[in-house]
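This report concerns only the one structure given below.
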Amino acid sequence: MSIRLIALDLDGTLLNSKKELTERNRKALETCIAQGIWIVPCTGRTSMGIPDFVRGIPGVRYAITVNGGMIEDMEESKVLDEHLLKKETALELIDLVKDRHIMYDAYIGGQGISEDKFYNHLEDYRITPEIQMLVKKPGSWFRVLWSM
């Protein structure tokens, strides 16, 4: 049996603790791609949250995003399949956790959307400094949309 596809997580798997792609991992991906193996990043982020240094590797075309909720063709900027929560279900879940110390966010139109009470206190939810930098970087895939 030959390997035809490798799906791998970004944070802590493909990327190191500083959210960087090591040269060793880059070479491994390029070797696999040269052998005709599809490399598919998998992430809780949207496809816009996949770093350019991963997206830009020739042969990295498809991604599984939003914690498995979407399959995307990044080259065509096209959603191939999606299985997202219904609005009513999401609102029920928010209602269940609103009085607990739990951070939640939504993905709308390819962006992560959060309340300012979370966004401005990411460290209170044990969000690593590296992820905080990604989220708060100007032009990021993540932003604050509302305040409750």
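Only the coordinates and a few stated rules stand behind these numbers; no lab work does. These numbers come from a predicted model, not from an experiment. Quick reminder, even Gly has a Cβ in these numbers, built from the backbone with ideal geometry, and neighbours come from all protein chains shown.
Structure summary
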read-out	value
Relative contact order for the chain, counting Cα pairs under 8 Å that sit 6 or more residues apart, in percent	17
Rounded tilt (10° steps) of 87-97 against the dominant C-alpha axis of the chain	70
Correct choice for Cα Rg over 2.2 N^0.38 Å that was computed from the model, options [x] 1.13; [y] 1.02; [z] 1.08	[x]
Computed [θ] at 222 nm, helices only, for the chain once each DSSP H run of length n ≥ 4 contributes -39500 (n - 2.57)	-7000 deg cm²/dmol
Ascending count of other beta-carbon atoms within 10 Å, so fewest first, for 124, 105	124, 105
Shape box of region 65-148 [Cα atoms, principal axes, largest first, Å]	37, 31, 20
